[in-house]
Amino acid sequence: MTHSLGAQLRGLIKLMRPKQWVKNGFVLAPLVFSGEFLNSDAISHALLAVLLFCIASSATYIVNDVHDIERDRQHPVKSSSRPLAAGILSIPVALILLGGLYALLLCGWFLTPKVLAVIVAYMLLNLAYTFVLKHQPVVDIFTIAIGFVLRVYAGAMALDVPVSAWMFVTTLCLALYLAAVKRRQELSKNGAGARKVLETYSLSLVDRYAEISATGALVFYSMFVMSAKPDLVVTVPLVLFGLFRYWYVVEALDGGESPTDALLADWQLLFTVVLWIGVCVWALWPGMPV
């Protein structure tokens, strides 16, 4: 079946999953918490790191879709939502796009080698995830979470600033929470047959993983704030509300299988994130009394 040029162009865009680029906002965390957000050079370096991470994450999605094309064709949703599984794009076209993205990353190496070193580690981790690690219980959840930690680390490398150990462990716990909820929703909506590793999980188990991770994220964030950034104590209630609201979206509104979709679909959750960012910037603004 031949699809129109417009459909194929839309398929190429969809193949790169631009909606998922929201996750790369984690790269900007060091820019905010270092107080460098008024420095034009720091902003440009951080945004370049975000751009390169967007390219890398899109390349990772393409590799995953090519690898999983047959399984996706059997999936009730992915069979129509994934361009390769739906037959909108062919594998050779996807590989050409993948080569172009790799070429852009190679150019990025000459601009910011430290960031690219982190991105290479991220891509290698995701290759291992695509072919091996996503079938390993618990390891699969931690692999997803480490990807978020690497985003924060890349942001620090872009600015050449140290990152607090509190920030790393908080990011890890928050990412584990999101990954556990994602597995929970996949298991709840599609059953164990949707993904091989789901056969090893139960709803009660991933619920406990999510609860432990959410508690850890809140505790470590609060300790980070009180020990290193006391002006940000006012953001702790926002973080607590965000965790509560996200769990409500998961439990009552049946979201959470895609954290990005859950964020963009719920205005209260989105407003909380935007408000948290705004309060952080306000509290850390040079010379701003709190």
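Per-structure values
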quantity: Selected residue (criterion: surrounded by the fewest Cβ atoms within 10 Å (Cβ to Cβ)) from residues of segment 229-263 that are of a type in the set (Gly, Ala, Ser) and touching a residue at least 12 places away in the same chain (Cβ under 8 Å); calculated: 258
quantity: Options 100, 108; residue that is part of a helix (DSSP H, G or I), more than 20 Å from the chain's Cα centre (by Cα) and at pLDDT 95 or above; calculated: 100
quantity: Only one of 247, 282, 276 that is among the aromatic types (Phe, Trp, Tyr), part of a helix (DSSP H, G or I) and more than 17 Å from residue 177 (Cβ to Cβ); calculated: 282
quantity: Unmet criterion (only one of (1) surrounded by 16 or more Cβ atoms within 10 Å (Cβ to Cβ); (2) farther than 25 Å from residue 75 by Cβ) for residue 161; calculated: (1)
quantity: Those helices (runs of 4 or more DSSP H) lying entirely in segment 2-73 with at least 3 residues touching a strand residue (DSSP E or B) at 6+ places or on another chain (Cβ under 6 Å); calculated: none
quantity: Subset of segment 127-138 (residues that are in contact (Cβ under 8 Å) with a residue 40 or more places away in the chain and not hydroxyl-bearing (Ser, Thr, Tyr)); calculated: 127, 131, 134, 135, 136, 137
quantity: Pairs, first more than 27 Å from residue 264 (Cβ to Cβ) in segment 22-42, second among the β-branched types (Val, Ile, Thr), C-beta under 6 Å, six or more apart; calculated: 34/161
quantity: Residues of segment 183-196 satisfying the condition of being at pLDDT below 90 and part of a helix (DSSP H, G or I); calculated: 185, 186, 187, 188, 189, 190, 192, 193, 194, 196
quantity: Checklist (1) under 17 Å from residue 32 (Cα atoms); (2) touching a Leu at 6+ places or on another chain (Cβ under 7 Å); (3) not aromatic (Phe, Trp, Tyr) applied to residue 232, failing item; calculated: (2)
quantity: Residues located in segment 87-107, provided they are aliphatic (A, V, I, L, M) and touching a residue at least 24 places away in the same chain (Cβ under 8 Å); calculated: 88, 89, 91, 93, 94, 95, 97, 98, 101, 104, 105
quantity: First in segment 109-126 and surrounded by 15 or more Cβ atoms within 10 Å (Cβ to Cβ), second anywhere and of a type in the set (Lys, Arg), Cβ under 9 Å, 6 or more apart; calculated: 118/151; 122/151
quantity: Count - residues of segment 129-157 that are aliphatic (A, V, I, L, M) and under 21 Å from residue 198 (Cβ atoms); calculated: 8
quantity: Residue, nearest to residue 147 (Cα to Cα), within segment 195-228, restricted to residues that are among the hydrophobic types (A, V, I, L, M, F, W, C) and surrounded by fewer than 19 Cβ atoms within 10 Å (Cβ to Cβ); calculated: 212
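The values are calculated or read from the model by the stated rules, or taken from the named source; none is laboratory data. Small disclaimer: the values here were computed from a predicted structure and weren't measured. Positions of Cβ are backbone-derived with ideal geometry, glycine not excepted, and every protein chain shown enters the neighbour counts.
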